[in-house]
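Single-structure report; data block below.
Read the figures in this text as sums done on the coordinates, not as results from a lab. Because the structure is a prediction, the values reported are computed rather than measured. Note: ideal-geometry Cβ built from the backbone for every residue, glycine included; neighbour counts use all protein chains shown.
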Amino acid sequence: MNDKAKKALVIGGGPAGLEAAIKIGQAGYNVVLVEKEAVLGGTLRQLYSSFPRWENPEELVDYKLQELEKLPSVKVMTETLVDSAQRKNDMFLVNVKHSDGSTEKIEVDSVVLATGFELFDATLYGEYGYGTYPNVLTSLEFEEKLREWDSGEDNTEPPKTVAFFKCVGSRDPSKGYPYCSKICCMYTAKQAGLVKDFFPDAKCYVFYMDYRAAGREYEEFVRDVIENKHVRYVRGRPAKVIPENGRLLIRAEDTLMGIPIEVTADMIVLAAAIVPSKGTIKLAEIFGANTDSYGFLQYDSKNPGKAGDKVFFAGACGFAVETLGAQYQGAAVAAEVIALFNQENLEAVETPEAQYQGADAATEVNARFRQANVGGK
Amino acid sequence: MLSTEFHKTIKLDNIDDSLKREILEECDVDIEQCIECGKCSGGCSNAHIFDYTPRKIVQLIKMGDEETLLSMDCLWTCVSCHLCVDRCPAHINIPRIMDYLREKAYKRGIEPTRDKVELFNELMLDSVRKIGRVAEMTMMMKFNFKTGQYFKDADIGRQMFFKGKLSPFSPKVKHLKQVHRLFEDVPHKRGEVEK
């Protein structure tokens, strides 16, 4: 680390945090990256495949870790939690706690929160029997299942029918949250498609209210799953799951026909809502960051990555976001931090002449840029 | 048979995709491409007298409900105006499906819900068999006499005649043999299965 350079604290080592830490480090500033788990990668590491390109998320994580290793100015602390922090002049004095119980004090100039999300507690839907029937899984548990099928670790009889329920806790002001969790439509399509890849003879149903595929290559991705992988999309929110001879009977309405339907499945996957983690809410309090009524970090329309004075955020701690979006946001807040540090460095130059020279140099650069790009005007 | 009145539950487990595949193979229509938007039904020229709108017909195929599809009333009230397929964003050729289902119902001996429709189709096909084209005036008169509607089109028919839009003479086509060849595989009576 360069002792004279400013230092940023990045909390969370998922795709957003990694991106922010790498970019701030590449700009020549010091970074401390704190991760509560033993490995970096966040939720991304738990995923079997990605949308819309069916890529292995591990490759992305490994690539980012290689980039990180090239940066001596970035210090990584795994199995570490942020315990408390105080503001001291323009800086933060942060206490971190390592897994062995030891604590450490670090001084930083800016903080980036990239603490990710949690899944909605699906046991609140008694009618779906999550936590009671062993073959009712959450979407993240199902990613683990996909890995087991792939590695051959799970060699039990493959399911004949797999059903996916979307909007479990999303778009439900009564038991869950009124908002749409944004990414479930896409990862559910991905998971359903993968079931058909593993077991072409299996039947695969996706219960949906509508599929929201607003993104580059997204609509094409979902259509491919429906038209070429032959996953059956049934419009309607399932009402009840009933155990029947070791299988699971699903009752729903086909709202396109207005008739009740039943289907028997061996496995049900719940696309549980994306909710803020308790850790995020605690950290927001520690660093004086604003949160919305749900507990997601609140943004300022003029600076969408800013949650407070010198406190920035990226990724799903702000709202549900896919991997690509988390990377964009990580890079964007890195730019915020770098701009802040640069500005502070410029202001710290003491003499008016030096300030003037600095401004002059900037004018010179601008003039050259204009000459090169718009013909000297 | 599917009943929307009594909300009989449909078991998706019992549905195989044979009808879906049949429609793909016979009509070259992949109903999985349907995005369920309802543009076909919204613009259907005869939806006001349909028991199942075009979107629901596609849905019935997904559900494999052949019984409903072959006995539904709209099979005989669809005029094949092609508005649905012209506007469909997913190229679902509903008139082609309707033709196929009508053929299938006819071969199975299922009685159409509208008797006049069958007579109309028979008269039209007779005309094509005989002269290779539809003799509009003759056919219209035959149809109206056989159904007891003696003066139904008298007024408009007269007007069209004097404007030169309706001719009592319909010459035969040049190559009638080629037309006859087209009819070789077509059953002559309801319930007469293909050879």
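Shielding of peptide A:215-226 by partners, expressed as the average count of other chain Cβ atoms within 10 Å per residue Cβ, is 1. With one equal scatterer per alpha carbon and no solvent term, the Debye-computed log10 I(q)/I(0) for region B:115-182 at 0.28 1/Å reads -1.19.
On the principal axes of its alpha carbon atoms, region A:1-124 extends 46, 39, 26 Å, with the longest extent given first. If one computes the Cα centroid of region A:1-40 and of region A:271-334, what distance in Å separates the two points? Centre-to-centre distance over Cα atoms comes out at 16 Å. When GluC sites (Glu not before Pro) are flagged only if DSSP places them in a loop and at most 15 other Cβ atoms lie within 10 Å, the longest unflagged stretch of chain B comes out as B:37-183.
Averaged over the residues of A:227-239, the number of partner chain Cβ atoms lying within 10 Å of the residue Cβ comes to 2. Taking every DSSP helix (H) stretch of at least 4 residues in the protein assembly as shown, weighting each as -39,500 (n - 2.57) and dividing the sum by the residue count yields a mean residue ellipticity at 222 nm of -12000 deg cm²/dmol. Pull out the extension gain between residue A:4 and residue A:217, defined as 0.36 nm times the separation in residues minus the alpha carbon to alpha carbon distance; nm, one decimal. Stretched fully, the residue A:4-residue A:217 segment lengthens by 72.2 nm. Close amide H contacts of residue A:177 (hydrogens built in the peptide plane, cut-off under 5 Å, sequence separation of 5 or more or a different chain): A:170, A:171, A:172. Projecting the Cα positions of A:38, A:174, A:255 onto the charge dipole of the protein assembly as shown (unit charges on Cβ atoms of Lys, Arg, Asp and Glu, taken about the Cα centre) puts A:255 furthest along the positive direction. Dipole of region A:57-128 computed with +1 at Lys/Arg Cβ and -1 at Asp/Glu Cβ about the Cα centre; of A:65, A:99, A:125, farthest Cα towards the positive end is A:99. Here the simple spin-label model places points 7 Å from the Cα toward Cβ, and for residue A:174 and residue A:54 these points are separated by 3.9 nm. Lys-Lys pairs in region B:115-182 that are eight or more residues apart or on separate chains and whose Cα atoms lie under 18 Å of each other come to 9. Listed by chain and number, the lysines whose C-alpha is less than 22 Å from the C-alpha of residue A:240, apart from same-chain residues fewer than 8 away, are A:160, A:166, A:175, A:203, B:8, B:11. Binning the alpha carbon pair distances of region A:121-273 at 10 angstrom intervals from zero yields the distribution 11, 43, 38, 8, 0, expressed in whole percent. Amide H contacts of residue B:10 (H built 1.01 Å from N, in plane; Pro and chain starts excluded): A:261, A:262 sit under 5 Å, all sequence-distant by 5 or more or on other chains. Selection among B:131, B:145, B:117 by position relative to the dipole of region B:115-182 gives B:131 as farthest towards the positive end (Cβ unit charges, Cα centre). Here the peptides A:332-339, A:62-69, A:165-172 are ranked by packing, the mean other Cβ count within 10 Å, and the order with the highest first is A:165-172, A:332-339, A:62-69. The charge dipole of the protein assembly as shown, taken about its Cα centre with unit charges on the Cβ of Lys, Arg, Asp and Glu (plus for the first two, minus for the last two), comes to roughly 2880 debye. For residue A:118, the residues whose modelled amide H falls within less than 5 Å of its own, excluding neighbours fewer than 5 places apart on the same chain, are A:275, A:277. Once a ≥ b ≥ c are taken as the square roots of the eigenvalues of the Cα gyration tensor of region B:67-136, is the result rounded (a/c under 1.5), prolate (a/b larger than b/c) or oblate (a/b not larger than b/c)? Oblate shape, in that a/c is at least 1.5 and b/c is the bigger or equal ratio.
If you take the Cα centroid of region B:26-47 and the Cα centroid of region A:61-95, the two points sit 56 Å apart.
Taken residue by residue and averaged, Cβ atoms of other chains lying within 10 Å of the Cβ of B:11-18 number 5. Sorted ascending by nearby beta carbons within 10 Å, beginning with the fewest, A:9, A:119 become A:119, A:9. With R₀ fixed at 22 Å, the C-beta to C-beta distance from residue B:107 to residue A:199 puts the FRET efficiency at about 0.05. Over 20 Å apart at the Cα level, from the set A:105/A:306; A:6/A:64; A:75/A:278; A:36/A:75, are A:105/A:306; A:6/A:64; A:75/A:278. Output the DSSP H helices from chain A with an along-axis C-alpha extent of no less than 20 Å and a mean Kyte-Doolittle hydropathy no less than -1.0. Qualifying helices: A:184-198, A:323-348, A:352-374.
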